[in-house]
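Participant: Take this structure, written in structure tokens, and hold onto it; I'll ask about it next.
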Amino acid sequence: MTGLRLKAPNFWWTAPSTPSALLAPAALVYGAVAARNLDRGRRADLGVPVLCIGNLTVGGAGKTPTAMALGKAAIALGRKPGFVSRGYRRRGRSPLLVDPQAQDAAATGDEPQLLAGIAPTAVGANRKKAAERLISECGCDLVIMDDGFQSAQLAMDYALIAVDARRGLGNWRVFPAGPLRAPLKTQLVHASAILLIGKGEAGSAVASESARSNHTTYRAHLAPIDADRFDGMRVLAFAGIADPQKFVETLKACGAKVERSLGFPDHHPYDANDIARLSQEAWGHGLQLVTTAKDAVRLRSGPEASRMFLKECEVLDVALAFEAEDTAKSIIRQTLANFHRRRYGV
């Protein structure tokens, strides 16, 4: 029940409608299987604390920036964390330690390249084997999972659920009738806390549900890095991420004049036609091309034409900032405490 990456239909993010009603029988079956997996999955004990950054819905919600922020907090506390990721759309399935100097995004996936800039990172469909390589070969004493909440492959000591506050849970229906990866109540049983990223009424509804289920709700936002350089810039924004519009809104908040924008599916591999189209539009209207750090990783991993095209682009990078400064370290400490109780009963 993991690895779902597709262009989400519009009806997922609106009030329940005819399409969601027609897909309700399929959602019932899918939800039952997903719930069974969560409740009865054979979760392997790695012998080290495991912190999972997951989400409730199909698509992105800010998991990777959250994982990176928590990795930095763990390092600040004297731990040696390692990241585990599925490595979506990478070549091969065997567990692989990520080396950005020797491997490209085609070999590892795009997000693991970013994670590896913080701490040792391993990719693999079998998260247990990937994590074991981090422990045995890199000496990691804390595993941080970027996604994998629904896979139920590892015994988790803390599961932080990231939610995009602007989109929330959409129509609150289970796939394929909606974006939920499993029935909401089942997912919340296995969650430790909710992290609302950004602002929005949809996020307020999730916070209310979190309170009813006695979960702590943390808040954070994605803060642009070196934002001032985009102030007044006339741009063509493009992104192949789960929610390209969020990238556009972030650019506008930096003061950029977004005159044109193009959105592509999450993890989109740019080809020669994409590059030609983007270049022609930018040059034709005198605009600066701007994209995301994740898109830049894929372009950098492409053929020479792709790498040359990237030189024409500005890259807007972001970092997760928690509303309360001590949140990240508090989550790491709680993960360690939960591990100690799980292992030793105290």
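The values are calculated or read from the model by the stated rules, or taken from the named source; none is laboratory data. Computed from a prediction, not measured in an experiment: that's the story for all the values here. The accessibility values were calculated without ligands, DNA or RNA, using every heavy atom of the protein model including side chains. Shrake-Rupley method; radii C 1.70, N 1.55, O 1.52, S 1.80 Å.
Participant: Which one, (1) 19.9; (2) 17.7; (3) 16.6, gives mean projected area of the Cα convex hull in nm² as derived from the coordinates shown?
Facilitator: (2)
Participant: Also, I was wondering about something else. How far, in nm, would the chain grow between Ser261 and Asp317 when pulled straight, counting 0.36 nm per residue and subtracting the alpha carbon separation?
Facilitator: Residue separation times 0.36 nm, minus the Cα-Cα distance, leaves 18.4 nm.
Participant: Under 5 Å between amide H atoms, partner at least 5 residues away or on a different chain: which partners does Leu289 have, H built in plane at 1.01 Å?
Facilitator: Correct list: Leu236, Glu314.
Participant: Okay, next question. I need the phi-derived Karplus couplings for segment 104-110: 6.51 cos²θ - 1.76 cosθ + 1.60, θ = phi - 60°, integer Hz, Gly and Pro marked x.
Facilitator: Listing the rounded values in order: 9, 5, 5, 7, 10, x, 6 Hz.
Participant: Check which residues have an amide H placed less than 5 Å from Ala159's amide H, if you skip close sequence neighbours.
Facilitator: Cys52, Ser192, Ala193
Participant: Still on this model: Give the carbon-plus-sulfur fraction of the accessible surface of segment 1-150 in %, rounded to a whole number; probe 1.4 Å, heavy atoms of protein chains only.
Facilitator: 54 percent
Participant: Mind listing the phi-derived Karplus ³J(HN,Hα) values for segment 199-214, rounded to whole Hz, using 6.51, -1.76 and 1.60 with θ = phi - 60°, and x for any glycine or proline?
Facilitator: My calculation for segment 199-214 gives 10, x, 4, 4, x, 5, 5, 5, 4, 5, 5, 4, 5, 5, 9, 6 Hz in order.
Participant: Moving to a separate point now. Over segment 152-303, with a single point scatterer placed on each C-alpha, what log10 of the ratio I(q)/I(0) does the Debye formula yield at q = 0.12 1/Å?
Facilitator: Once normalised to I(0) and log-transformed, intensities are -0.66.
Participant: Could you put Asp146, Asp266 in order of accessible surface area, largest first, with the 1.4 Å probe and the full protein assembly present?
Facilitator: From most accessible down to least: Asp266, Asp146.
Participant: Looking only at Gly47, Gly302, Gly170, which one moves most when the chain is put into a Gaussian network model with springs between Cα atoms under 10 Å?
Facilitator: Highest fluctuation of the listed residues: Gly47.
Participant: In Å², what does the accessible area per residue of the chain work out to with a 1.4 Å probe?
Facilitator: 45 Å²
Participant: Related question: Which percent of Cα-Cα pairs in segment 98-144 sits in each 5 Å bin, short to long?
Facilitator: 5, 23, 33, 26, 13, 1
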